[in-house]
Amino acid sequence: MSARLGSLHLHVTLQWTLRLLYLGALALCAHGVARHLRDRDPRALIAIAAPWLLMFALLGQMHERYLMWGAVVSAVALGVSVRLSIIHFIISIASTAMIVHVMLIDKKLDATLPAIDVLKHIRPYGSIVVLACVAVYLWDALSTRIPAFQPRQVRSGATPSLPLGPEPEEA
């Protein structure tokens with residue numbers, strides 16, 4: 001895409017578009033971290049892990065090994081929710097499959113040709129699964145809880161049902 005603004009010639013490629021999209025997503029994740037930390041929400045961990053996954057998903061010409069970093073950092077999901085923990089394991093399996101595929105291609109042995117064939121054919125589906133998982137992580141990093149599911153604030157003026165202190169003396 002090219003544009004001319006007076007004497008300035010602006011040429012934006014797909015690579016730069018993806019970089020700018022990643023930069024915007026990074027700013028959104030920073031906003032999500034700040035909001036979740038303010039609310040003392042454990043999803044702040046997801047907002048911290050999301051940029052590592054977005055890096056692999058959005059930036060072009062990214063090697064398979066960089067998804068492994070995202071998979072490692074996304075392990076924080078184990079402390080947040082079961083759904084995100086399952087997605088963490090899916091991302092880990094996809095990253096391992098991509099790395100195994102590259103390693104098997106380097107040494108094409110007769111015994112590994114069927115495995116190479118299988119991994120080659122499932123690669124497009126794996127890409128869609130990884131993008132969907134990253135989208136779920138981004139959604140959780142940016143979303144807010146429904147008020148009915150938010151933890152309630154304890155009123156300081158309320159007396160506990162079972163007082164733990166000594167009983168007041170009667171005169």
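The values are calculated or read from the model by the stated rules, or taken from the named source; none is laboratory data. This one's a predicted model, so the numbers in the text were calculated from it and none came from an experiment. Every residue, glycine among them, receives a Cβ derived from its backbone with ideal geometry; neighbour counts consider all protein chains shown.
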Is there a residue in the stretch 60-70 that is in contact with a helix residue (DSSP H, G or I) (Cβ under 8 Å, 6 or more places away or on another chain), part of a loop (DSSP other than H, G, I, E, B) and of a type in the set (S, T, N, Q)?
yes
Check the stretch 69-76 and report whether any residue there is buried (at least 18 other Cβ atoms within 10 Å of the Cβ), in contact with a Phe, Trp or Tyr (Cβ under 8 Å, 6 or more places away or on another chain) and within 30 Å of Met1 (Cβ to Cβ).
yes
Any pair with Cβ under 9 angstrom, 6 or more apart, that starts in the stretch 108-133 at a residue that is over 14 Å from Phe56 (Cβ atoms) and ends at one that is outside any helix (DSSP H, G or I):
Ile116/Lys108
Would it be correct to say that Ala132 is modelled with pLDDT of 90 or more and either closer than 29 Å to Leu23 by Cβ or outside any helix (DSSP H, G or I) (or both)?
yes
State the number of residues belonging to the stretch 75-122 that are in a helix (DSSP H, G or I) and either within 20 Å of the chain's Cα centre (by Cα) or polar (S, T, N, Q) (or both).
24
Take Ala25 and decide whether it is surrounded by 20 or more Cβ atoms within 10 Å (Cβ to Cβ) and in contact with a His (Cβ under 8 Å, 6 or more places away or on another chain).
no
Can you tell me which residues in the stretch 33-68 are small (Gly, Ala, Ser) and surrounded by 15 or more Cβ atoms within 10 Å (Cβ to Cβ)?
Ala44, Ala47, Ala49, Ala50, Ala57
What pairs come up if the first residue lies in the stretch 11-25 and is farther than 16 Å from Gln61 by Cβ and touching a residue at least 12 places away in the same chain (Cβ under 8 Å), the second is surrounded by 12 or more Cβ atoms within 10 Å (Cβ to Cβ) and not charged (D, E, K, R), and their beta carbons are under 7 Å apart, counting only those six or more places apart or on different chains?
Ala25/Leu54; Ala25/Leu58; Ala25/Leu138
Hits in the stretch 31-66 - residues which are more than 22 Å from Ile91 (Cα to Cα) and within 15 Å of the chain's Cα centre (by Cα)
His31, His36
